[in-house]
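Reviewing the structure listed below.
Nothing in this text is a laboratory measurement; each read-out follows from the coordinates by a stated rule. The shown structure was predicted, so the numbers you read here are calculated from the model rather than taken from an experiment. Every residue, glycine as well, gets a Cβ built from its backbone with ideal geometry; the counts of neighbours run over all protein chains shown.
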Amino acid sequence: MEERSSLLPGREQHDQNGAAPQKIHLFVTPTEVTFLTEEEYKTRTQPDGQGIQRTSSESDQERISRRKTQPLASGPIVRASKTWLIAPVMALLMNVGIVLAIFFLDVLPILTQQVTVTIIPKSQHISTTATLDTIQSRLLPPLTLTKTKTVNTTGKRHQDAEHALGTITFYNGLFSSQEVPAGTLLTGSDGVQIVTDQAASIPPASPTTPPTYGNTTVQAHAVQAGAQGNIATRDINYGCCGTSILAQNTVSFQGGQDERNYMVVTIDDLHTAVSSLTPFVTQRLHIALTSQLTPGERLISPSCASEVATDHQIGEEAKTVTVTLAAHCKGIAFTNASLQQEAQKTAAAKVQKTLGVG
């Protein structure tokens with residue numbers, strides 16, 4: 001504990017009544033400060049039952065008043081720390097940065113954006129048609145050009161073997177009728193076998209002078225398929241099948257054919273030939289018509305008609321087919337000056353009618 005004593009500052013040694021000023025004792029400890037008056041001080045410091053007579057040449061009041069007093073607090077003055085300002089300042093700076101970033105990234109591009117305005121004038125397409133009656137023109141002499149081309153056929157066909165067909169006539173020399181069953185086999189002079197398809201009922205002969213044979217005709221066919229079954233007339237001509245019966249083919253057999261592959265004409269064959277002929281014919285006709293123009297004239301696309309002729313029809317058996325293309329054309333010539341004049345006149349009238357005057 002530290003003891004300090006002092007007179008009240010700014011006071012005289014004696015007041016106006018001549019009384020001595022009040023003396024205060026100050027006791028300072030680490031935890032508290034205690035003020036004591038002179039009387040309290042003496043009471044606490046003077047031993048009980050003892051009265052100590054101070055014999056000092058100077059009074060205690062004067063001695064204490066001259067004692068140098070110490071300040072109530074000692075040591076360096078501690079100033080308050082300012083670190084608490086850092087967090088608010090940093091938060092303020094971050095908010096300002098965010099606002100600036102939004103401004104420069106989003107707002108500023110919009111404020112500084114350039115806008116291009118394109119003005120497109122209204123337009124309208126006007127077309128018109130003029131006839132040759134009002135244009136100076138002339139009809140050129142008609143031309144005909146013919147060109148022929150032969151191409152190989154591409155159609156493929158297969159033919160199965162077929163039996164030859166014909167008839168057999170039976171003659172009866174008896175005066176009574178006779179029967180020849182169906183399936184009767186007959187052989188011709190060239191060895192070709194023929195079989196009947198029907199039963200033959202032969203009437204009797206007539207008793208005339210000389211007698212007239214009774215006869216009947218039935219269908220028959222060659223036993224073996226192929227062209228060899230096409231036997232000639234009376235290739236079969238001999239007696240058979242009973243008494244006084246004669247068998248005869250009075251007409252030749254037909255329709256017998258061998259198995260084979262063959263070529264036929266197709267529509268594609270004709271198109272191939274015509275397609276190769278058309279450019280040549282068109283070019284030649286254009287040259288021929290152009291040669292008839294005079295200086296300053298132009299040719300209007302000619303009007304042409306084509307005819308196609310072939311030596312074989314579509315589906316007909318043939319290894320080649322010859323196609324003939326004949327083109328007949330009429331040309332019209334006109335002058336450029338006349339066309340331009342009429343076009344300007346017609347267009348002006350169309351514009352005035354559509355858009356109006358002014």
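Mind listing whichever residues of the range 292-307 are among the polar types (S, T, N, Q) and in contact with a Leu (Cβ under 7 Å, 6 or more places away or on another chain)? If the condition is that a residue be among the polar types (S, T, N, Q) and in contact with a Leu (Cβ under 7 Å, 6 or more places away or on another chain), then Gln292, Ser306 are the ones that fit.
Per the conditions (1) exposed (fewer than 11 other Cβ atoms within 10 Å of the Cβ); (2) touching a residue at least 12 places away in the same chain (Cβ under 8 Å); (3) not aliphatic (A, V, I, L, M), the sole criterion not satisfied by Pro295 is (2). Tell me, yes or no, whether the range 222-239 has at least one residue that is surrounded by 20 or more Cβ atoms within 10 Å (Cβ to Cβ), acidic (Asp, Glu) and over 60 Å from the mean Cα position of the chain (by Cα). Yes: one or more hits. For the range 178-233, a residue qualifies if it is of a type in the set (Ser, Thr, Tyr) and in contact with a Leu (Cβ under 8 Å, 6 or more places away or on another chain), and the qualifying residues are Thr196, Tyr213. Among the residues of the range 158-176, those identified as over 14 Å from His221 (Cα atoms) and assigned to a loop (DSSP other than H, G, I, E, B) are Asp160, Gly173, Leu174, Phe175, Ser176. Of all residues in the range 145-157, those satisfying the criterion of being surrounded by 13 or more Cβ atoms within 10 Å (Cβ to Cβ) and in a strand (DSSP E or B) are Leu145, Thr146, Lys147, Thr148, Lys149, Val151, Gly155.
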